Amino acid sequence: MKTDDKRAGQREALVTAAEQIIAAQGLEGLKARDLATSIGCSVGGVYNLVDDLDELILRVAARTLLRLNEALDAADERGAAAPTERLCAIAIAYCRFARANKRLWRALFDHRMAADSALPEWLAELQFGLFTHITGPLGQLLPEKVPAELEMLSRTLFSAVHGVVAIGLDEKLLAVPIDALEDQLVAFLQAMCRGLRQS
């Protein structure tokens, strides 16, 4: 096996190990020594495969975002449903993905980069891909809006749904109960879409 291929294989194994640890323990469980043991290398060997744990967490995040985008794609009945129903289906899929992959999903939002570090372009593109699921049905709902307005509204709508889901999954005192989350998301989006049509 060529050196580059071997290194790529080791990096994939490292990302898989990190993904499994985050899924089981959250970000706080990620330790270089445990990762090294799991893939059979030294701690220094871990840092020959990635620059630091930040990079490793971002590579796991990319995998999570790809799976989340696939789940949202599968839920969106393009052409088969009205825009409000499309948005509701996407929100429910988002909620179900978050519940099923809670720690990996939380890691997308809980991880903080160092102040002088920029988000890699390859990850930023995946993040922005989440909004494209929303701009499509919003464009159907509000054909008079220009793309920049739809993009901003998509971000706002995503933030609102994310907030309801995040607080609900935390099961805090004021949260929507978990067994009511999906119904409440649908009720919220239906009301929001009615208001947007009338504005």
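Derivation of every value follows stated rules applied to the coordinates shown; laboratory data play no part. Since we're looking at a predicted model, the values are computed, not measured. Note: ideal-geometry Cβ built from the backbone for every residue, glycine included; neighbour counts use all protein chains shown.
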Debye, to nearest 20: dipole size of the chain, +1 on Lys, Arg Cβ, -1 on Asp, Glu Cβ: 240
³J(HN,Hα) computed for each position of the stretch 51-64 - Karplus, 6.51 cos²θ - 1.76 cosθ + 1.60, integer Hz, glycine/proline x: 5, 6, 5, 4, 4, 5, 4, 5, 5, 5, 4, 4, 4, 4
Per-residue HN-Hα couplings for the stretch 143-153 [Karplus 6.51, -1.76, 1.60; θ = phi - 60°; Hz; x = Gly/Pro]: x, 7, 6, 7, x, 5, 5, 5, 5, 5, 5
Point-to-point label distance, residue 37-residue 52, nm (Cα→Cβ direction, 7 Å offset): 2.5
Cleavage-rule hits, GluC sites (Glu not before Pro), the stretch 99-199, DSSP coil, Cβ neighbours within 10 Å at most 14: 144, 171
For the chain, built as a Gaussian network whose Cα springs stay under 10 Å, the top-fluctuating residue of 108, 53, 87: 53
Highest-MSF residue in the chain out of 139, 45, 79 [GNM, Cα springs under 10 Å]: 79
Highest-fluctuation residue, 75, 118, 23 considered, GNM on the chain with Cα pairs under 10 Å: 118
